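All remarks here apply to the structure that follows.
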Amino acid sequence: MNKEILLSNINKVHTTEMGIDRIKRNLKLDTDDVVEWCKNKVLDEGCNIYKQGKNWYCEIDNIKITINSYSYTIITAHIIK
């Protein structure tokens, strides 16, 4: 799948209050703008972006960010072990 679709819609990427808490907890982040932090990771040239089913997966710096491909909601983010 063409990652340009995700990149060209980066301004639509968002998450929920629960999503913010989950991402902060999973990644041990200390930032108020989790969405902006995730967007910067996705936009990084080293980010490996691929689509599986209904989700985009963005892997960089031992982190995997999951984004719904229809709503552009950041579902979760994990540290890759």
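Where a number appears in this text, it was derived from the coordinates with a stated rule and is not lab data. Being a predicted model, the structure only gives us computed values, none of them experimental. In this analysis, Cβ positions are derived from the backbone assuming ideal geometry, glycine residues included, and neighbour counts consider all displayed protein chains.
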Matching residues, the stretch 1-13, being surrounded by 11 or more Cβ atoms within 10 Å (Cβ to Cβ), outside any loop (DSSP other than H, G, I, E, B) and of a type outside the set (A, V, I, L, M): 3, 12
Total residues in the stretch 45-70, condition closer than 18 Å to residue 22 by Cα and surrounded by fewer than 12 Cβ atoms within 10 Å (Cβ to Cβ): 1
Residues (more than 14 Å from residue 4 (Cα to Cα), out of contact with any His (no Cβ under 8 Å at 6 or more places or on another chain) and not basic (Lys, Arg)) located in the stretch 47-65: 52, 53, 55, 59, 60, 61, 62, 65
Checklist (1) of a type in the set (A, V, I, L, M); (2) in contact with a Leu (Cβ under 9 Å, 6 or more places away or on another chain); (3) surrounded by 17 or more Cβ atoms within 10 Å (Cβ to Cβ); (4) in contact (Cβ under 8 Å) with a residue 40 or more places away in the chain applied to residue 42, failing item: (4)
All positions within the stretch 14-31 that are among the hydrophobic types (A, V, I, L, M, F, W, C) and not in a helix (DSSP H, G or I): 29
Given (1) in contact with a strand residue (DSSP E or B) (Cβ under 8 Å, 6 or more places away or on another chain); (2) surrounded by 12 or more Cβ atoms within 10 Å (Cβ to Cβ), number of the condition residue 20 does not satisfy: (1)
Residue that is nearest to residue 79 (Cα to Cα), among those in the stretch 11-33 that are in contact (Cβ under 8 Å) with a residue 24 or more places away in the chain and among the hydrophobic types (A, V, I, L, M, F, W, C): 27
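So which residues in the stretch 1-49 are β-branched (Val, Ile, Thr) and under 22 Å from residue 62 (Cβ atoms)? Please lay out each step first, then the result.
Going residue by residue through the stretch 1-49, those that are β-branched (Val, Ile, Thr) are 5, 10, 13, 15-16, 20, 23, 31, 34-35, 42, 49.
10, 13, 15, 20, 23, 31, 34, 35, 42, 49, listed by residue number.
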Of all residues in the stretch 48-81 being within 18 Å of residue 14 (Cβ to Cβ) and outside any strand (DSSP E or B), the one that is nearest to the chain's Cα centre (by Cα): 72
